Structures are given as C-alpha cells and as structure tokens.
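The numbers here are math on the coordinates, done by the rules we state, and not lab data. Model, not experiment: these values are computed from the prediction. Positions of Cβ are generated from backbone atoms using ideal geometry, with glycine treated the same way; all protein chains shown enter the neighbour counts.
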Amino acid sequence: MRIVFIGPPGAGKGTQSVRLAERLSIPHLSTGDLLREACRLGTPIGKQADEFMQTGRLVPDDLVQEILVERLEEEDCQNGYVLDGFPRTVAQAENLDEMLAEHGMPLNLAMEIRVEYGLLLRRLVERGRDDDTLDVIKKRLQQYNDLTKPLLDYYQQRDVLHVIDGHDSPEEVFERIVTVVENQRIKK
Ligand code: AP5
C-alpha cells in the first residue's frame, strides 16, 4: 500500500505513521527526518534546507523531491510505503502522482489527522525539538494553513482522503487509522 499522512505540526503524523508502517511491514518515510539527517551530515541539500527549517518555512519543492525520490527508488520501497509529511504542497502531490503513474502504481490513501490549534501548540512546546520554539511553531502552523491545506481538496477530488480525529490517545487514534486501512483493503 502507498499511504500519505497530512496534518499540521503536532497532529501526530510521525507517531501514527511509524506505527502503521510497522503494522503493514512497509517503510516509513519522513521528509522531515530525511532533511534533518541531511542537515546533520552537512550535505548540499542539507545546507540549503537548514535555514528554511530553522525558521519554520517549507523547504523548496525541488530540494525535498530530490531527497525523497532517491529514497523511493530503493529496493525496500517497491511494495509500498507510508509517507509522513510529504506531499505538503499541491506541486509536490502532482509530482508524486506523476512518479506513481510512471510505475503504474496508484496512491491508496491520504490520511488527514485533525487536531485543534491549542492542543497542537501544547504538544509541540512540551516536546521541545530544535524547531519547537513558540515563534517557529506559529510559523509552521501558518505555512500549513497557507500551503498544505489546499492539498486536502486535491485528494478529496481524487477520492482517497480520510479524515482522522487526532485528539485522543495515540492508541485510540491508531485504531481509527487501522479501521480505515482495513476497509480500504476490503474494497480492493
Ligand atoms: P516535520 O519533521 O515533518 O515536522 P512537522 O510537520 O512540523 O510535524 P511534527 O513532527 O512537529 O508533528 P507530527 O504531526 O509528526 O506529530 P508527532 O507525531 O511528531 O517537518 C519539519 C520541517 O521540515 C518543516 O517545517 C519543513 O521546513 C521541512 N519539511 C518537511 N517535509 C517537507 C516537505 N514535504 N516540503 C517542504 N518542507 C518540508 O507528535 C508531536 C508531539 O505530540 C510528540 O511529542 C508526540 O509524542 C505527541 N503526540 C502525538 N500524538 C499524540 C496523541 N494522540 N496524544 C498525545 N500526544 C501526542
């Protein structure tokens, strides 16, 4: 299966997509993790991405796509994957669709995790990653509203979007996600 997770910072994309990938025995691919690793290693992409990430802005599409395409071409991705934090713009979604169409493989599901603003802020402030300072969190949330939300219409129109209530415990949220995946498998 090929599944993408969409949601604002702090919605639980990472938490849930790691679990789901493990349950389905397919790789979990987080563009945030790939970019942080590139920054840590000081690769050319990492050096360019760093300033965007530190300030809560989306990294330009071409850089993110370059880093992801490399990973998607690896052997372990040929039977499916769970994408965490990609796509994040309509242009990225179109690019992914083109890539999938070239290989005759459809996207099976887009999961939107919804959580209200105040809870997102609380979760992120409590976690305290490098980009979890209040100013940067607010910028990330604003970028989500401005640049990523239009993706929801994109996937709604393609009839693959499922909305998951992300307010409850990680276990309860995961059960909701598994139900959607199981229903999708039955339909196939
Ligand atoms: P990325 O690493 O993807 O960060 P993000 O989208 O800001 O998401 P977070 O990791 O903050 O939140 P999450 O939804 O994964 O929640 P999590 O499970 O971690 O991206 C970082 C940066 O990289 C971006 O700002 C951008 O610059 C760049 N980037 C990445 N992808 C890009 C792309 N495609 N295009 C352009 N730029 C890109 O949970 C958060 C906290 O809440 C944790 O402490 C967790 O334990 C807790 N939690 C989760 N679920 C629950 C729950 N149900 N109950 C209680 N606590 C919970």
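Structure values in brief
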| item | result |
| --- | --- |
| Residues of type aspartates and glutamates that K187 reaches as a straight line, Cα spacing below 19 Å, ignoring anything fewer than 8 places off in the same chain | D159, E175 |
| Residues of type lysines that K13 reaches as a straight line, Cα spacing below 21 Å, ignoring anything fewer than 8 places off in the same chain | K138, K139, K149 |
| Ratio of Rg to Rh over the range 70-179 (Cα coordinates, Kirkwood Rh, two decimals) | 0.99 |
| Cα Rg, Dmax, the range 115-159, angstrom units | 12.8, 36 |
| Residue order, fewest to most beta carbons within 10 Å, for Y154, Y144 | Y154, Y144 |
| Debye intensity ratio in log₁₀ form over the Cα atoms of the range 1-149, taken at each q of 0.09, 0.14, 0.18 Å⁻¹ | -0.27, -0.67, -1.13 |
